[in-house]
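Below: one structure, written as structure tokens.
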Amino acid sequence: MLKHTLITTFILFILWLLLSGHLEPLLLSLGLLSCLFVAWLSHKLALLNSDFQTLRFNLNLPKFLPWFFIELVKSNLDVSWRILHPTLSIQPNISTVPITKHSEVGKAVYANCITLTPGTYSIDINSAVIEVHSLTKNLAHDLQRGEMSKRILALESTSAKTSKL
Amino acid sequence: MSKKISLILRQTCNLIIPAVLLYALYVQFHGDYGPGGGFQAGVIFAAAVILYTLVHGREKAQRIFPASIIRIFVALGLLLYAAVGVITMVMGGNFLDYSVLLHAPQHAQHLGIFVIELGVGVTVAAVMIIIFYALDEYSD
Amino acid sequence: MIIIGWILLLLGSAFCLIGTLGLMRFPDFFSRVHAAGIVDSLGAILILLGLITQTQDVLIIIKLLLILLFMMLTGPTAVHALARAALLDAKDKNSNNK
Amino acid sequence: MFISATIAILVVMLILLLRAALGPTVFDRILAINTFGTATVLLIALFGFLTKRPDFMDIALLYALINFTSTIAVLKLFRYGSLGKAEDE
Amino acid sequence: MLADYYNYWVVIILMMIGFYIVISDANLIKKIIGLTIFQTSVFILFISMGKVDGGTAPILVDTLTVYSNPLPHVLILTAIVVGVATTALGLAIIARIHRAYGSVDENVIHAQDEKQEKA
Amino acid sequence: MGIETIINLSLLTLLALSAIVLMRLQNLLAVVLLSGIYSLLSAGLFVSLDAVDVAFTEAAVGAGLTTILLLGAIAIIGKEQTVSRHGKLLPLVVIAITASALIYGTLDMPIFGDPTAPIHAYVAPRYLFQSGEEIGIPNVVTSVLASYRGYDTLGEVAVVFTAAIGVLLLLGKPNK
């Protein structure tokens with residue numbers, strides 16, 4: 001537990017430095033105190049619990065972000081084209097996407113990534129599937145192929161899944 | 001379809017609330033250099049606590065921020081503010097004239113402003129949280 | 001750098017406008033969410049990236065990146081919560097009518 | 001160039017206001033307000049650059065952080081009829 | 001001419017809308033919202049008066065010399081927080097009224113009062 | 001007309017529009033939601049009028065608190081409320097007279113942004129040009145709030161404190 005709190009404090013302190021940009025000893029010590037206080041509170045509130053430690057920013061992140069950005073642009077262009085098209089060719093429907101291997105945080109990240117790409121958004125979630133509302137049938141099929149799921153799985157560290165058991 | 005709060009919402013809030021809490025403290029301590037200060041920091045801190053209450057329920061929130069202790073903080077902040085005024089009077093200045101606190105007047109001003117902003121922040125945060133609790137408990 | 005910023009800002013504003021246009025054109029709530037999603041995702045991303053190219057101040061770049069990060073966290077979550085509440089509400093109404 | 005983006009955001013705001021006024025359901029209004037928050041963040045960020053003092057990002061950052069609090073509150077009220085009720089397991 | 005006085009005129013429009021809601025709507029919560037609009041219009045009036053052409057925000061930087069007037073900002077900054085606190089007090093009173101009368105509609109409340117006086 | 005003027009004018013117009021929409025809506029929940037937009041717009045306006053500290057407060061208060069407190073009150077009285085009206089004519093006459101008197105009054109105001117207006121003549125220059133030496137912090141608003149006008153701020157905090165006491169007296173449960 002102490003280890004988790006220390007890691008939390010460290011991450012919060014980096015955030016403080018990014019926010020503040022002041023390097024005077026007074027503000028630095030105040031920042032350290034604030035970070036300790038917030039880390040203590042988060043521990044008490046069970047906020048940044050062990051789940052979040054599973055999301056290590058490993059080497060797959062630089063690979064994931066450009067891929068995700070391209071997907072984002074593609075889906076944006078697709079939806080924009082449909083909006084501008086005079087006939088509004090849309091067939092809204094709800095389908096399910098399986099999510100078996102993800103940790104709790106991984107599920108949340110996955111669902112948020114689905115929502116971030118226009119054309120699909122997660123409407124409900126349970127332990128096995130995400131219900132997805134999509135603007136056209138094709139977009140849902142793309143998701144069910146599971147490319148994004150695989151890539152987000154690669155972001156989670158392998159030790160996490162064993163510790164969840 | 002249960003009445004449970006969605007997992008996504010819970011996880012995101014768990015990630016955001018520490019950031020909001022830290023941001024509140026950042027605003028509290030950087031009021032000298034940019035926009036911000038005790039009033040804003042207090043409100044942001046209260047917003048974080050309210051967000052926690054929304055997602056995890058009042059019972060859980062009151063286990064860590066009990067109303068009885070928040071009530072003490074409501075008065076504590078104001079007392080801290082007023083105490084600075086009394087101390088300056090004891091040290092031979094006017095009420096809330098910080099320059100007598102230390103030898104160098106600029107440093108004394110810094111110290112005085114820091115302490116009273118802290119008092120303002122504590123009172124505002126506590127007041128907003130206690131008002132939210134009171135309204136919410138009344139709706140049961 | 002300045003020209004890249006131009007393009008990013010203009011594209012971002014264009015996407016924002018298209019998104020809100022969709023918000024008016026789409027027939028029901030669940031499809032309007034898709035249209036609003038354009039403003040929240042690519043519109044905001046392009047404008048903020050465009051702003052990042054326009055300054056040399058590291059602190060401001062960091063703050064813009066933080067704004068982007070937190071928007072990308074809170075935006076989809078709010079949309080999800082909203083859509084879920086709307087779906088549950090629609091289901092409730094259906095079961096009441098039966 | 002900042003000018004055109006700013007004007008675009010102002011037009012977006014006008015349309016969103018229209019959507020919020022028309023409704024028809026509560027959820028449409030909430031959607032409009034949520035997007036309005038995004039537009040405000042962008043407007044404030046752009047304005048910082050327009051006035052050549054872009055050190056007011058703090059306000060935009062604040063909105064990015066806590067704008068969804070009120071959205072969650074409305075949804076909670078709508079679903080549970082109370083703000084502080086804990087979830088039913 | 002338009003830009004010279006536009007702020008003041010919008011302030012008056014907002015103020016009158018707030019006033020109209022307060023005197024014409026019977027629902028007490030909507031009256032509170034009307035008061036909030038009225039309050040904001042006063043804030044805008046103060047802040048508009050503090051604005052100086054070509055000035056920027058009153059946070060001192062070596063390169064700038066023209067700043068807007070900080071005094072209204074100080075007044076309004078505290079007024080906003082005090083405004084929320086008093087709004088909350090108003091809402092608390094409305095909650096008690098609702099418990100006593102079972103309604104927050106002024107017409108219903110008056111009708112009940114009159115009934116009680118007759119009895 | 002500079003871009004700042006255009007932004008100022010359009011934000012004001014949007015504010016007026018949203019207030020008119022607010023006035024006409026009858027569903028209470030919709031009114032509360034629209035007041036969220038009203039608050040976002042006024043925060044934007046405060047930024048454009050150089051009042052960053054005020055905008056910051058409005059942002060924190062409007063996004064985080066006012067809406068939630070109003071929703072808390074709606075939770076107490078029930079969400080299916082609609083608003084009924086008193087008569088329309090008398091209030092309209094009253095506000096028409098008040099508005100015309102006020103608009104007549106604005107013609108004597110100093111024009112918007114005039115640097116020679118009386119408000120800028122007395123204490124403001126002293127705060128702006130000497131607070132840097134006297135207090136030593138760049139944000140003039142903070143130095144006026146906490147140092148020059150510290151006594152006023154103490155009063156404001158006391159008002160907030162009193163409001164909390166009032167809410168607790170009205171709504172709090174008796175001690176167990």
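The values are calculated or read from the model by the stated rules, or taken from the named source; none is laboratory data. Only a predicted model underlies this, so the values are computations on that prediction, with no experimental measurement involved. Here Cβ is always computed from backbone atoms with ideal geometry, including for glycine, and neighbour counts include all displayed protein chains. Note: areas computed on protein heavy atoms with side chains; ligands, DNA, RNA excluded. Shrake-Rupley method; radii C 1.70, N 1.55, O 1.52, S 1.80 Å.
How much space per residue, in cubic angstrom, does the convex hull of the C-alpha atoms of region C:1-50 take up?
Details: hull volume 2.0 nm³, N = 50.
Value for region C:1-50: 40 Å³ per residue.
Applying the Karplus parametrisation 6.51 cos²θ - 1.76 cosθ + 1.60 with θ = phi - 60° to the phi angles of region A:64-75, what ³J(HN,Hα) value in whole Hz is obtained for each residue in order, glycine and proline being reported as x?
6, 4, x, 4, 5, 5, 5, 4, 4, 4, 4, 5
Kindly express, to the nearest 10 degrees and within the range 0 to 90, the angle between helix C:58-97's C-alpha long axis and the longest C-alpha principal axis of chain C.
Tilt of helix C:58-97: around 10 degrees.
May I ask you to give the average projected area over all directions of the convex hull of the Cα atoms of region A:57-164, in nm² rounded to one decimal?
Here the figure is 6.6 nm², rounded to one decimal.
Whole number in Å², please: accessible area per residue of region D:2-88, 1.4 Å probe, ligands, DNA and RNA not counted.
Dividing the accessible area of region D:2-88 by its residue count gives 23 Å².
Based on alpha-carbon atoms only, what is the radius of gyration of chain B relative to the globular estimate 2.2 N^0.38 Å?
Working it through for chain B, the quotient is 1.28.
Counting only other chains, what is the mean number of Cβ atoms within 10 angstrom of the Cβ of each residue in peptide A:27-40?
3
What are the DSSP H helices in chain F that stretch 20 Å or more along their long axis, judged by alpha-carbon atoms, and whose average Kyte-Doolittle hydropathy comes to at least 1.0?
Span-like helices in chain F: F:3-24, F:28-48, F:89-106, F:150-171.
Please report Rg over Rh for region F:88-176, where both radii come from the alpha carbon positions and Rh follows the Kirkwood definition.
We get a ratio of 1.21 for region F:88-176.
If you wrap a convex hull around the C-alpha atoms of the protein assembly as shown and split its volume per residue, what is the figure in Å³?
187
Percentage of Cα-Cα pair distances in chain D greater than 15 Å, rounded to whole percent?
The calculated P(r) of chain D puts 66 percent of pairs beyond 15 Å.
So what's the convex hull volume per residue for the Cα atoms of region A:2-48, in Å³?
So the per-residue hull volume is 61 Å³.
Over chain C, how many percent of alpha carbon pairs lie in each 5 Å bin up to the one with the longest distance?
Bin by bin from 0 Å, the calculated values are 3, 13, 16, 18, 16, 11, 9, 6, 4, 2, 2, 1, 0.
Heavy atoms of the protein only, probe of 1.4 Å, neighbouring chains included. What is the accessible area of B:E137 in Å², nearest 10?
Answer for B:E137: close to 50 Å² accessible.
Running a GNM on chain C with Cα contacts under 10 Å, which residue among C:S31, C:S13, C:S41 ends up with the highest mean-square fluctuation?
The residue with the greatest mean-square fluctuation here is C:S31.
Taking chain B as the reference, fit the longest principal axis to its C-alpha atoms, fit the long axis of helix B:105-138 to the helix C-alpha atoms, and give the angle between the two in degrees, 0 to 90, nearest 10.
For helix B:105-138, the angle is close to 30 degrees.
Return the sequence-ordered ³J(HN,Hα) values of region E:74-90 in whole Hz as given by the Karplus equation 6.51 cos²θ - 1.76 cosθ + 1.60 applied to θ = phi - 60°, using x for Gly and Pro.
4, 4, 6, 4, 6, 5, 5, 5, 4, x, 4, 4, 6, 4, 4, 4, x
What translational diffusion coefficient, to the nearest whole µm²/s, does chain F have by Stokes-Einstein, given a Kirkwood radius computed over alpha-carbon pairs, a temperature of 25 °C and 0.890 mPa s viscosity? If you can, show how the numbers build up before the last one.
Details: Rh = 20.4 Å.
Diffusion coefficient, whole number: 120 µm²/s.
About its Cα centre, what dipole magnitude does the protein assembly as shown give when the only charges are +1 on Lys and Arg Cβ and -1 on Asp and Glu Cβ, stated in debye to the nearest 20? List each step's numbers first, then the result.
Working: 50 positive and 48 negative charges, 528 e Å.
About 2540 debye.
Which one of B:Q62, B:Q40, B:Q28 has the biggest mean-square fluctuation once chain B is modelled by GNM with Cα springs under 10 Å?
B:Q62
Express in % the proportion of alpha carbon pairs of chain E at distances exceeding 21 Å.
Summing the P(r) of chain E above 21 Å gives 56 percent of all pairs.
Rank C:G19, A:L143, D:A73 by how far each Cα sits towards the positive end of the charge dipole of the protein assembly as shown (+1 on Lys, Arg Cβ; -1 on Asp, Glu Cβ) and give me just the farthest.
Result: A:L143, furthest along the dipole toward the positive end.
Label-point separation (nm) for E:V61 and A:N138, each offset 7 Å from Cα along Cα-to-Cβ?
According to this spin-label approximation, the distance is 4.8 nm.
Note down the nm distance, to one decimal, between modelled labels 7 Å out along Cα→Cβ at B:L76 and at F:I3.
Each label point lies 7 Å from its Cα, and together they span 4.8 nm.
Please compute the Kirkwood hydrodynamic radius over region E:74-119, one decimal place, Å, based on all pairs of different Cα atoms.
On the way: mean 1/r = 0.0801 Å⁻¹.
This gives a value of 12.5 Å.
Can you list residues from other chains, or at least 5 along the same chain, whose modelled amide H is less than 5 Å from the amide H of E:Y67?
It is E:T56, by chain and number.
Summarise the accessible area of region C:2-97 (1.4 Å probe, protein heavy atoms) by the percent that is carbon and sulfur.
Its accessible area is 70 percent carbon and sulfur atoms.
Grab every C-alpha pair in region F:48-133, bin the distances at 10 angstrom width from 0 up to the longest one, and report whole percents.
For region F:48-133, the binned pair fractions read 12, 18, 25, 29, 13, 3 percent.
What is the percent of Cα-Cα separations in region F:1-83 that go past 15 Å?
Values: 2088 of 3403 pairs.
Above the 15 Å cut-off, region F:1-83 has 61 percent of its Cα pairs.
Please give the per residue accessible area of chain B, computed with a probe of 1.4 Å over protein heavy atoms only, in Å².
On a per-residue basis, chain B sits at 33 Å².
Treating only the Cβ atoms of Lys and Arg (+1) and Asp and Glu (-1) as charged, compute the dipole magnitude of region C:19-98 about its Cα centre; round to the nearest 20 debye.
Dipole size: approximately 300 debye.
Can you give the helix-only mean residue ellipticity at 222 nm for the protein assembly as shown, where every DSSP H stretch with n ≥ 4 adds -39500 (n - 2.57) and the sum goes over all residues, rounded to the nearest 500 deg cm²/dmol? Walk me through the numbers on the way to the answer.
Working: 32 runs with 577 residues, N = 787.
Mean residue ellipticity at 222 nm (helix-derived): -25000 deg cm²/dmol.
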